[in-house]
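Colleague: The structure under discussion is supplied below as structure tokens; questions concerning it will follow.
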Amino acid sequence: MATLLLADRPDIPAPTIEWSLLSPLLVVAGVAMVAVLVETFWPRRTRFTAQAVLAGLGLLAALLDTVRVYVSLDRVDGDVVGRGTPVAEGAVTVDGPGVLTWGLLLVFALLSLALFAERRLDGGLSAFTGRAVDPPGSGGEAEATRLRLEHTETFPLLLFALAGMMLFASANDLVTMFVGLEVMSLPLYLLCGLARRRRLISQEASLKYFLLGAFSSVFFLYGVALAYGYAGSFRLADVDTAVTSRTGGEHLLLAAIGLISVGMLFKVGAVPFHQWTPDVYQGAPTPVTAFMAAGTKAAAFVAFMRVLFVAFGGASWDWRPLLWVVALLTMVVGSLVAIAQTDVKRMLAYSSVAHAGFLLVGLAGAYVADSERITSVSGLLFYLGVYGVSSIGAFAVVTVVRDAGGETTHLSRWAGLGKESPFLAGSFALFMLSFAGIPLTGGFIGKWSVFSAAWSGGYGALVVAGVLTSAVAAYFYVRVIVLMFFTDPVGDGPTVALPSVLTTVVIAAAAAGTLVLGILPGPVLDLAQHAGTFVR
């Protein structure tokens, strides 16, 4: 029908879609749709394995294709600064930072997929409930457990969320960005409420995350409408042209920047929009928490950078003071409140808030230097990669420390973990040191990269505040290490379940990545630096 309509109107050209450049995103979305068909027609007895294998193969194929796309992008004098091009009639930009973000998201998804597929910790069942429709504690729930039912829909939901993240991070107009935001968020709302154990807390987390996401979407969409009213276009480059010309409507522009920023700050978990983030982290199934902590933050920050640098770059003196204040509040609140936490997942949630503040330092002090110096974009990309890997590894350790009721996340139950399992305690200690920014870990290089970019941009006071709050944050990280290695266990001490090869590989890979990125960060820093800046 569309072809016939276009044939009747020769003055309307057919849209041009660069399928080759978009193929990594299309592979993920296509595999997700195939997984829906598998969910419908595949026999239940082997469906879990089929879904896990299908998702794994699809993610590997998309990752290899992402490498191909990255290499194929145009080069300028042997370098790749500023490379890339808008595609799909300008709806998406395939540029260095966007494609590198695709690669990060796919790596995060592969690590998280292994946690989704873990079945050894709960007696041969996954971390997800057998039938979400059954009320917690009901006979139906007991029957589902007895029949060993599992929610295999979690795999296509993960893939759909990943496709949304990839689109969100590379969208070139505000409407496409909103579509990516919703495609990313809706599957996560469902996944948060599917925990097999402590289902009431899980369902509460799902509801709170849905309300939080609804608020952020409303703010973002209202800001998009005002930006269209100001610029007459949704395209980021067109908005930038209108902002640069400044033909009038200053109040409309400021309102658009403010509302879009509020929507984005909700997504990155910045203060004062973080209120329910710890509840969501604590209540969601831990594999989902790991995926959200790494993937959502990476996609949201890259999308936020794209909006501020590409669309509103000409109004930077208007939005930098706002980010300066939010970054300072986020670092202080995240670091101080984390000290009072007694639950490991809530502590990691407030740690995530603090890290959002550190990332905002690099964003507020955005500095694009010459090719010999680290830019704010490359520094933020490196930080997001290090933080994502360490977060997934930390939450993978959380899934293994258990008692009869499942995961035991109260800090008192982690006393003596170093004697019970030196591998788990050592890995978790390494992740904590990386979060604290201790040298020889990836976290130190990440903080140095964003702080140095902000310092070069003239935001020394904010960098000093970041260093001081990092010192405060180090207290609760070191406290956990002391608890694991130098504190006698209470009662029987922590119980460590024997994970499958999948979870063990995730923890080992995350620990190795955190250490290698701290000792030999050069190749990855060069990769982030060579990704260049955002293409208009």
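The values are calculated or read from the model by the stated rules, or taken from the named source; none is laboratory data. For clarity, every value in this text was computed on a predicted model and none was experimentally measured. Note that each Cβ is placed from the backbone with ideal geometry, even for glycine, and that neighbours are counted across all protein chains shown.
Colleague: When you look at T533, is it touching a residue at least 24 places away in the same chain (Cβ under 8 Å) and within 24 Å of the chain's Cα centre (by Cα), yes or no?
Modeller: Values: touching a residue at least 24 places away in the same chain (Cβ under 8 Å): yes; within 24 Å of the chain's Cα centre (by Cα): yes.
Here the answer is yes, as T533 does meet what is asked.
Colleague: Let me ask another. Of the residues A214, A205, A255, which is buried (at least 20 other Cβ atoms within 10 Å of the Cβ) and either free of Cβ contacts under 8 Å to residues at least 12 places away in the same chain or in a helix (DSSP H, G or I) (or both)? Steps first, answer last, please.
Modeller: Details: A214 fails: buried (at least 20 other Cβ atoms within 10 Å of the Cβ); A255 fails: buried (at least 20 other Cβ atoms within 10 Å of the Cβ).
After ruling out the rest, the residue left standing is A205.
Colleague: Restricting the search to the stretch 226-282, which residues are under 27 Å from the mean Cα position of the chain (by Cα) and among the hydroxyl-bearing types (S, T, Y)?
Modeller: S261, T277, Y281
Colleague: Can you name every residue in the stretch 75-114 that is modelled with pLDDT of 85 or more and not aliphatic (A, V, I, L, M)? Explain how you work it out, then say what you get.
Modeller: Looking only at the stretch 75-114, we keep the residues that are modelled with pLDDT of 85 or more, and these are 91-114.
Correct list: T93, D95, G96, P97, G98, T101, W102, G103, F108, S112.
Colleague: OK, next. With the condition kept exactly as written, say whether any residue in the stretch 506-529 is in a loop (DSSP other than H, G, I, E, B) and buried (at least 22 other Cβ atoms within 10 Å of the Cβ). If you could, list the steps in order and put the result at the bottom.
Modeller: Pass one, the stretch 506-529, residues in a loop (DSSP other than H, G, I, E, B): 520-521.
Still in the running and buried (at least 22 other Cβ atoms within 10 Å of the Cβ): none.
There is no residue in the stretch 506-529 that is in a loop (DSSP other than H, G, I, E, B) and buried (at least 22 other Cβ atoms within 10 Å of the Cβ).
Colleague: Going through A465, A454 one at a time, which residue ends up being in contact with a helix residue (DSSP H, G or I) (Cβ under 7 Å, 6 or more places away or on another chain), assigned to a helix (DSSP H, G or I), farther than 22 Å from T342 by Cβ and modelled with pLDDT of 90 or more?
Modeller: Just a single option satisfies the conditions, and that option is A465.
Colleague: I've got another one for you. For residues that are part of a helix (DSSP H, G or I) and farther than 23 Å from H151 by Cβ, tally how many sit in the stretch 50-73.
Modeller: The total comes to 13.
Rundown of residues vs (1) at pLDDT below 90; (2) more than 24 Å from N172 (Cβ to Cβ); (3) in contact with a Cys (Cβ under 7 Å, 6 or more places away or on another chain), yes/no style:
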{"residue": "P24", "(1), (2), (3)": "no, no, no"}
{"residue": "A29", "(1), (2), (3)": "no, no, no"}
{"residue": "R44", "(1), (2), (3)": "yes, yes, no"}
{"residue": "G56", "(1), (2), (3)": "no, yes, no"}
{"residue": "T66", "(1), (2), (3)": "no, no, no"}
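Colleague: Taking the criterion of being surrounded by 17 or more Cβ atoms within 10 Å (Cβ to Cβ) and at pLDDT 90 or above, would at least one residue in the stretch 115-122 satisfy it?
Modeller: Looking for residues that are surrounded by 17 or more Cβ atoms within 10 Å (Cβ to Cβ) and at pLDDT 90 or above, one finds at least one in the stretch 115-122, hence yes.
Colleague: At pLDDT 90 or above and of a type in the set (S, T, N, Q): which single residue out of T277, T296 fits that description?
Modeller: T296
Colleague: Next question, about the same structure. Which residue, of V243, V224, is buried (at least 20 other Cβ atoms within 10 Å of the Cβ) and modelled with pLDDT under 90?
Modeller: Details: V224 fails: modelled with pLDDT under 90.
Going through V243, V224 in turn, the sole match is V243.
Colleague: Given V288, V361, V307, V332, which one is surrounded by 24 or more Cβ atoms within 10 Å (Cβ to Cβ) and either in contact with a Gly (Cβ under 8 Å, 6 or more places away or on another chain) or not in a helix (DSSP H, G or I) (or both)?
Modeller: V361
Colleague: To continue, here is another question. Scan (1) surrounded by fewer than 24 Cβ atoms within 10 Å (Cβ to Cβ); (2) at pLDDT below 85 for the single condition T375 breaks and write down its number.
Modeller: It fails just one condition, (1).
Colleague: May I pose another question? Test A436 against the stated conditions and say whether it is modelled with pLDDT under 90, aliphatic (A, V, I, L, M) and over 18 Å from D343 (Cβ atoms).
Modeller: Numbers: modelled with pLDDT under 90: no; aliphatic (A, V, I, L, M): yes; over 18 Å from D343 (Cβ atoms): yes.
It is false that A436 is modelled with pLDDT under 90, aliphatic (A, V, I, L, M) and over 18 Å from D343 (Cβ atoms).
Colleague: Here's another thing I want to ask about it. Please go through the stretch 434-444 and pick out each residue that is touching a Phe, Trp or Tyr at 6+ places or on another chain (Cβ under 7 Å) and in a helix (DSSP H, G or I).
Modeller: Those that are touching a Phe, Trp or Tyr at 6+ places or on another chain (Cβ under 7 Å) and in a helix (DSSP H, G or I): F435, A436, G443.
Colleague: Please work out which one of (1) without any contact (Cβ under 8 Å) to a residue 40 or more places away in the chain; (2) in contact with a strand residue (DSSP E or B) (Cβ under 7 Å, 6 or more places away or on another chain) is the condition M177 fails and give its number.
Modeller: (1)
Colleague: Here is a list of conditions, (1) farther than 27 Å from F116 by Cβ; (2) in contact (Cβ under 8 Å) with a residue 40 or more places away in the chain, and S421 meets all of them except one; can you say which number that is?
Modeller: If we test S421 against (1) farther than 27 Å from F116 by Cβ; (2) in contact (Cβ under 8 Å) with a residue 40 or more places away in the chain, just (1) comes out false.
Colleague: Also, I was wondering about something else. Taking the stretch 174-204 as the search range and keeping residues that are modelled with pLDDT under 90 and of a type in the set (G, A, S), which one is farthest from K267 (Cα to Cα)?
Modeller: Only one residue fits best here, namely A195.
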